[in-house]
Every structure is written in structure tokens, then in C-alpha cells.
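Structure record follows, encoded as C-alpha cells.
The values are calculated or read from the model by the stated rules, or taken from the named source; none is laboratory data. Computed from a predicted structure; not experimentally measured. All Cβ positions, glycine included, derive from the backbone under ideal geometry; neighbour counts span all protein chains shown.
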Amino acid sequence: MSRNTVSHAAAALAVALMATLSQAGDTPAAKDTTAKLAPQSTCPVMGGAINRDLYVDHDGKRIYVCCQGCVAEVKKDPAKYIGVLKGRGEDVETVAPAKALAPQKTCPVMNAPIKKKLFVDHQGKRIYVCCGHCRAEVKKDPEKWIAKLAEMGESVETKK
């Protein structure tokens, strides 16, 4: 075999090898794994349509489900169900972490500074107020005023 023939054979082999390697890049395993996922539309447990009022938040991700039973199931292993959804080509929503509430300093009724001597205890929570009138008002519906404080960015004291 001449030296020229060996060079041509080596060049042909190199071209064939490169062609084979470039085709291997088209296999599913070699494809880009950052493909855009569709927004979640199915329950990761049952596979049916999601109910946007039912979800589990986990590490900044919101996993929607179809029913209350699926909420309990997803809570057992949220990462597993995120994986199930990704396997279906669906992505979960990213949610902002809950903002930490400041300790209560404001009366939820009058929006005035609280007096630590005036409060209403309700289911292990202490709601401070500014006056006797507000204390009577909070006693009528403590949950309403706890929610109002949360909207204001303040938390009630938890009794031990």
C-alpha cells in the first residue's frame, strides 16, 4: 500500500468517525435537557386536571393537585411529584417565600399603638389592642382580626 493510499484511508476513517459522533449527538440522551417545560396542568398523583385552589408549596415551588386527598399524598414526598411532573414535560410554579411578619405593634381595629395590658387570647394566640372598645370588637371575631394583622404585616403572639 502506498503512503498516499494510507493517508486517504486515514482521512476517510476520520471523516466517518466525525459523522458518527455528530449523529450520536442527536440521541435523546445527548439532547439538551433544558428544553422548555409546559406549565403544570395535570395532577401529579391522579393525572387529571388540577384545581388551582389546591396545592402544596415546597422549597419555593407550588405543586397543584386535583383534590384534597392528593394534597396529603404530595406532602409525603413533594420532590417525587415534582419529578413526576417534569417527566411529563410539565413545570411547577416558582413562588416567593412567605414574608416574615413583624411582631404586633398596632391595634388591628383602630390602627393605633397597642397596650400590652389589653389583649384577647384565642386558640393559643394573643391579640393586643389599644382600648377596651377594640378588645370587645376583637372578641366578636378574633380570626378576622388575626387575618387583618397578617395583611398589615404583623403577627400575633403565640402563647406557650
**Report entry** the range 138-160: number of residues that are under 16 Å from Val109 (Cβ atoms) and either assigned to a helix (DSSP H, G or I) or of a type in the set (Ser, Thr, Tyr) (or both)
**Finding:** 13
Report task. Restricting attention to the range 110-160, report how many residues are of a type in the set (A, V, I, L, M), modelled with pLDDT of 95 or more and surrounded by 15 or more Cβ atoms within 10 Å (Cβ to Cβ). Result -> 6
Query raised in the report: Taking Ala96, is it without any contact (Cβ under 8 Å) to a residue 60 or more places away in the chain, exposed (fewer than 13 other Cβ atoms within 10 Å of the Cβ), in a helix (DSSP H, G or I) and out of contact with any strand residue (DSSP E or B) (no Cβ under 6 Å at 6 or more places or on another chain)?
Result: no
Report task. Scan the range 80-107 for residues that are more than 14 Å from Thr42 (Cβ to Cβ) and in contact with an Asp or Glu (Cβ under 8 Å, 6 or more places away or on another chain) and report the count. Result -> 7
